[in-house]
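Inspection log for the structure reproduced underneath, given as structure tokens.
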Amino acid sequence: MQFKDFEVKWQAYWDKNRLFNVPENKTPTKKYYDLVMFAYPSGDIHIGHFRNYTLGDALARYKKMQGFDVLHPFGWDAFGLPAEEAAIKRGIHPQEWTLNNIKVSRETLKRIGISYDWDREVITCLPDYYKWNQWIFLKMFEKGLAYQAESLVNWCTTCKTVLANEQVIDGRCWRCHQEVAKKNLLQWFFKITAYADRLLDGLEKLDGWPTHIKAMQRNWIGRSEGSKVVFKLDPDGTELPVFTTRPDTLYGVTFVTIAPEHPLSKTLSKGLPEEKKVEKFIDDAMRLSEIERTSTGEKNGVFTGRMCIHPITSEKIPLWIGDYVLAGYGTGIVMGVPAHDQRDFLFAKKYDLPIKVVIQPEGGTPPMLQAAIEDPGTMIDSGEFSGLPSREGIKAVTAYLKKRGVGDFDIRFKLRDWLISRQRYWGTPIPMIHCPKCGNVPVPYEQLPVELPQGKIDFIPKGRSPLEDVPEFINTTCPKCNVPAKRDPDTMDTFVDSSWYFLRYLDPKNEKLPFDSQKANAWIPVDQYIGGVEHATLHLLYFRFMTKVLADLGMVNAPEPVLRLFNQGMVLDKQGEVMSKSKGNAISPRDLIEQVGADVSRIAMFFAAPAEKEILWSEDGVGGANRFLYRVWRYLEKTLESSSAKAERPEAVWRKLHQTIKRVTDDLERFSLHTAIAGLMEFLNVLEEHEPQGAFYREAMERFAQLISPFTPHVAEEMWERLGKKPSIFESTWPTYDPQALHQDEIELVLQVNGKVRDHLTVPVEAKEEEIRTLALESPKLKAHILDKEVKKVIVVPKKLVNIVVA
């Protein structure tokens with residue numbers, strides 16, 4: 001007998017009886033939306049996916065047995081660069097490559113026996129999905145949340161496309177890890193900054209999210225309270241607004257620095273002797289990555305030849321361009337206070353600029369500054385504000401600036417608007433038309449979807465969208481004035497697809513709207529979301545934003561998409577590298593399943609490590625999982641062979657059964673699947689010490705089958721059937737425990753000699769260690785093993801065991 005023999009039988013039963021399908025028009029009475037992050041179909045699913053999806057499956061089956069209406073859907077995040085690159089490499093269309101990968105991966109998921117509602121499957125590269133990306137874009141355009149602007153953008157020279165700020169990790173492309181350059185392009189943006197406060201405030205209500213994920217989002221949004229200070233260019237009065245959190249240091253400003261990419265930078269030195277030097281510096285600075293510019297190393301700059309006016313003292317201050325200033329942070333202009341900011345200190349030292357101390361630290365100012373004094377203190381040499389503590393000075397100086405019309409209290413965010421334009425083929429076409437007379441014109445709703453052209457397409461990246469070179473796509477007429485016009489050639493960032501997909505699952509065949517609001521409000525927020533921590537400031541931020549946008553459009557009531565978030569650990573290969581298809585080290589679970597079956601593979605994965613921890617994958621645990629299930633099966637067969645007439649109910653077994661019910665239930669609730677399985681193993685150990693005579697043991701095996709069913713669904717179904725139970729085990733009610741069983745007057749201890757189990761000992765719960773030691777040494781079975789031997793040590797592990805160490 002092999003456990004995999006049961007799998008085809010029970011998978012066919014589940015499919016025939018549509019056991020895990022939820023009718024689209026069903027309004028749940030007790031809902032549970034169990035969602036795993038959908039897959040990018042770059043080939044067959046690998047062991048890492050297997051871990052993620054079986055976690056969601058175990059939860060779905062458990063919740064179904066608890067009486068919930070469980071929604072457990074799945075789909076495919078099917079647009080993206082890998083498909084386009086594969087098409088170039090293999091000479092096939094990315095859709096052909098993608099749909100074939102989906103077919104293979106879907107077969108593997110079904111072979112594993114994942115309890116998805118396949119009627120709700122979504123595939124984002126098909127027009128019946130991406131039509132609604134375009135619909136949402138148009139709604140956002142109407143609300144001013146989608147806009148086009150020329151901007152200095154992140155450009156990956158390898159992927160030949162623009163990246164959003166969130167897709168640049170430590171100055172490198174999130175996907176290919178090459179350094180990112182800057183490029184000035186006309187691009188489409190989603191105005192996520194309009195939701196910065198709401199995204200930040202909403203984190204406080206996400207009690208079911210991991211603290212570190214919320215911290216990462218909080219840091220990425222980056223809310224800073226400070227002041228706007230307006231310097232003015234001499235002599236024309238052009239305003240140079242600065243954002244600072246330390247207006248108490250304003251009297252210590254000895255220079256002002258502007259970012260190389262700031263719109264003013266290229267014009268400041270026109271006609272001045274410094275012009276050519278400034279142009280060269282800007283060109284050199286723009287070749288540097290952000291990480292190089294913001295590192296702790298040397299700060300570089302160039303004097304513009306211009307001066308600006310201090311807003312309080314009217315003193316003329318030199319205006320520099322510095323490579324350590326970024327246009328995307330604050331206003332792109334900083335006031336140089338070298339005595340009280342370390343970056344400014346290094347800059348001033350290099351270029352021999354004045355350093356003026358205006359904050360007196362505790363203990364006095366050092367005679368020679370070796371570094372900036374960045375801690376708050378008392379204001380000095382600051383006119384009428386001298387003598388004020390920094391905290392009071394911040395408020396007083398800002399109020400003074402506001403009164404004079406040269407400043408105010410201000411709040412700034414690190415978060416930038418979401419840049420969604422991509423210069424690639426394989427994505428959602430942006431539904432805009434560029435008319436020479438009317439400007440930007442939205443595609444009428446009735447003309448959606450704007451479909452990607454099929455057939456022979458040149459996908460080779462050229463630094464612009466391949467769609468520009470497809471006449472039948474790019475050439476159109478203006479829907480307003482009917483003159484020849486051009487479609488927008490760019491496609492949307494694929495994170496747009498994943499920002500709302502969980503809502504399409506609720507109404508996947510709707511041809512009039514992305515989803516029906518009534519259905520959405522019946523199911524969301526998602527009760528449990530499972531996926532990787534790597535999405536903390538990409539997908540997870542974007543889909544929180546999109547939920548709030550859709551709420552403002554009146555389509556959903558929930559302000560947040562997910563109540564609870566769980567991040568499963570990565571699966572690593574034998575060298576400790578994260579498994580991925582791009583690295584060529586991904587292992588498909590299909591071969592493993594063909595060898596030992598899905599249930600053995602599931603037990604091995606669940607038991608290998610805590611679900612949130614990384615796993616160094618090895619098949620060594622598969623043998624132990626297989627042996628455990630064979631022991632379960634042997635005990636089941638002994639139970640079925642025994643007489644059920646007897647009514648014996650050993651107290652120890654009864655207590656252990658109910659303790660195990662509580663333990664497995666609690667462990668499932670907190671995703672501690674490895675300890676739940678350990679609990680089942682301990683219960684099996686107790687069972688095996690007793691011959692299964694009587695009705696109690698049959699009942700115990702029924703409960704055992706239910707408890708193990710989320711982990712080994714096929715084996716559990718077969719056990720349930722052989723125990724004479726109908727219909728599916730997943731239509732039975734999850735077992736409950738008797739609280740009385742948890743209160744013990746006595747406990748059973750394992751007795752060992754040199755680590756080998758030789759007997760068991762029942763003692764009162766309150767028994768002292770000395771009493772336990774004495775009773776253990778009096779055990780007849782133990783005496784037989786220590787006779788004529790020197791007892792070197794007696795180790796008592798409270799409430800567990802006694803180990804006699806003999807020579």
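The values are calculated or read from the model by the stated rules, or taken from the named source; none is laboratory data. Predicted model only: the values in this text are computed from it and were never measured. So basically every Cβ, Gly included, is an ideal-geometry build from the backbone, and we count neighbours across all protein chains shown. SASA here: full protein model, heavy atoms, side chains in, ligands and nucleic acids out. Shrake-Rupley method; radii C 1.70, N 1.55, O 1.52, S 1.80 Å.
To keep it simple, each residue is scored yes or no on (1) open to solvent by 20 Å² or more (accessible area, probe 1.4 Å); (2) of a type outside the set (Ser, Thr, Tyr); (3) touching a Leu at 6+ places or on another chain (Cβ under 9 Å); (4) closer than 29 Å to Val153 by Cβ.
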| position | (1), (2), (3), (4) |
| --- | --- |
| Gly405 | yes, yes, no, no |
| His434 | yes, yes, no, yes |
| Arg487 | yes, yes, yes, yes |
| Lys512 | yes, yes, no, no |
Qualifying position, being hydroxyl-bearing (Ser, Thr, Tyr) and open to solvent by 80 Å² or more (accessible area, probe 1.4 Å), among Thr211, Thr238, Thr245:
Thr211
Top-ranked residue in region 262-279 [being over 45 Å from the mean Cα position of the chain (by Cα) and open to solvent by 80 Å² or more (accessible area, probe 1.4 Å); ranked as nearest to Gly237 (Cα to Cα)]
Lys270
Of the residues in region 777-807, how many are touching a residue at least 24 places away in the same chain (Cβ under 8 Å) and under 17 Å from Leu749 (Cβ atoms)?
15
For region 202-246, name all the residues that are in a loop (DSSP other than H, G, I, E, B) and small (Gly, Ala, Ser).
Gly222, Gly237
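Only one of these is open to solvent by 10 Å² or more (accessible area, probe 1.4 Å), part of a loop (DSSP other than H, G, I, E, B) and more than 12 Å from Gly113 (Cβ to Cβ): Lys26, Lys64. Name it.
From the options Lys26, Lys64, the qualifying one is Lys26.
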Given (1) out of contact with any Asp or Glu (no Cβ under 7 Å at 6 or more places or on another chain); (2) on the phi < 0 side of the Ramachandran plot, index of the condition Gly554 fails
(2)
Please report, ordered by residue number, the strands (runs of 3 or more DSSP E) entirely within region 455-537 with at least 2 residues that are touching a helix residue (DSSP H, G or I) at 6+ places or on another chain (Cβ under 9 Å) and touching a residue at least 40 places away in the same chain (Cβ under 8 Å).
484-487, 528-531
Among the residues of region 351-368, write down those that are in contact with a strand residue (DSSP E or B) (Cβ under 9 Å, 6 or more places away or on another chain) and at pLDDT 95 or above.
Tyr351, Leu353, Pro354, Val358, Ile359
Just to check your reading of the model, which residue among Phe730, Phe671 is part of a loop (DSSP other than H, G, I, E, B), modelled with pLDDT of 90 or more, open to solvent by less than 10 Å² (accessible area, probe 1.4 Å) and under 23 Å from Thr54 (Cα atoms)?
Phe671
Would you mind stating whether Val334 is among the β-branched types (Val, Ile, Thr) and under 27 Å from Asp408 (Cα atoms)?
yes
Test for Thr665: is it within 32 Å of the chain's Cα centre (by Cα), closer than 26 Å to Trp14 by Cβ and among the polar types (S, T, N, Q):
yes
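Does region 701-714 contain any residue that is open to solvent by 10 Å² or more (accessible area, probe 1.4 Å) and in contact (Cβ under 8 Å) with a residue 12 or more places away in the chain?
Pass one, region 701-714, residues open to solvent by 10 Å² or more (accessible area, probe 1.4 Å): 702-703.
Those still in the list that are in contact (Cβ under 8 Å) with a residue 12 or more places away in the chain too: 702-703.
Yes, region 701-714 contains a residue that is open to solvent by 10 Å² or more (accessible area, probe 1.4 Å) and in contact (Cβ under 8 Å) with a residue 12 or more places away in the chain.
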Log entry, pairs with first residue in region 167-191 being in contact (Cβ under 8 Å) with a residue 40 or more places away in the chain and more than 18 Å from Phe137 (Cβ to Cβ), second being open to solvent by 90 Å² or more (accessible area, probe 1.4 Å) and of a type in the set (Phe, Trp, Tyr), beta carbons closer than 6 Å, six or more apart or on different chains, reads Gln167/Trp174
Could you give me the residue pairs with C-beta distances under 8 Å whose first residue belongs to region 89-110 and is under 21 Å from His72 (Cβ atoms), whose second residue is part of a helix (DSSP H, G or I) and open to solvent by 50 Å² or more (accessible area, probe 1.4 Å) wherever it lies, and which are 6+ apart or on separate chains?
Thr108/Arg590
So how many residues does region 29-57 have that are open to solvent by 20 Å² or more (accessible area, probe 1.4 Å) and acidic (Asp, Glu)?
1
Give region 110-130 a look and list any residue that's open to solvent by less than 10 Å² (accessible area, probe 1.4 Å) and in a helix (DSSP H, G or I), or say none.
Ile112, Arg120, Tyr129, Tyr130
Of all residues being assigned to a loop (DSSP other than H, G, I, E, B) and exposed (fewer than 14 other Cβ atoms within 10 Å of the Cβ) in region 369-384, which is modelled with the highest pLDDT? Just the residue, please.
Asp381
For region 75-106, how many residues meet the condition of being outside any helix (DSSP H, G or I), out of contact with any Cys (no Cβ under 7 Å at 6 or more places or on another chain) and surrounded by 22 or more Cβ atoms within 10 Å (Cβ to Cβ)?
3
